[in-house]
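Participant: My structure is below; once you've seen it, I'll send some questions.
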Amino acid sequence: MSLRRRFLPRTRDGRIVTVAFAALFLLAMPPVTHAFLNRIEPSFFGVPFIYAALFVVYTALIAVLILAYRRGV
């Protein structure tokens, strides 16, 4: 079995989940977090913006993994 068949998604759902996970994962990486999310103000319920934004991104990552599991990808 070649590596191409093993690592590339075969179905449409697999491609959607892979692209969504990769895009969300890039939002959690330092170039994006330091350039766009690193704001002291505003704060949400006393929590700095970067922590609130990363909480949303990580929650979305978990949601994509749950979606992939439920669709059988």
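Participant: Run through all the Cα pairs of the chain and give the fraction in each 5 Å bin from 0, expressed as whole percent.
Facilitator: The percentages, shortest bin first, are 3, 15, 19, 18, 15, 11, 9, 5, 3, 1, 0.
Participant: Restrict the search to the chain; then list the chymotrypsin sites (Phe, Trp or Tyr not before Pro) that DSSP places in a loop and that have at most 16 other Cβ atoms within 10 Å of their Cβ.
Facilitator: Answer by residue number: F45.
Participant: To continue, here is another question. The chain: longest stretch without exposed trypsin sites (Lys or Arg not before Pro) (DSSP loop, at most 13 other Cβ within 10 Å), sites themselves excluded?
Facilitator: The answer is 40-73.
Here, each number is a calculation from the coordinates, and none is a lab measurement. Bear in mind the structure is a predicted one, so any value in this text is a computation, not a measurement. When we count neighbours, we look across all protein chains shown, and the Cβ atoms used for this are built from the backbone with ideal geometry, even at glycine.
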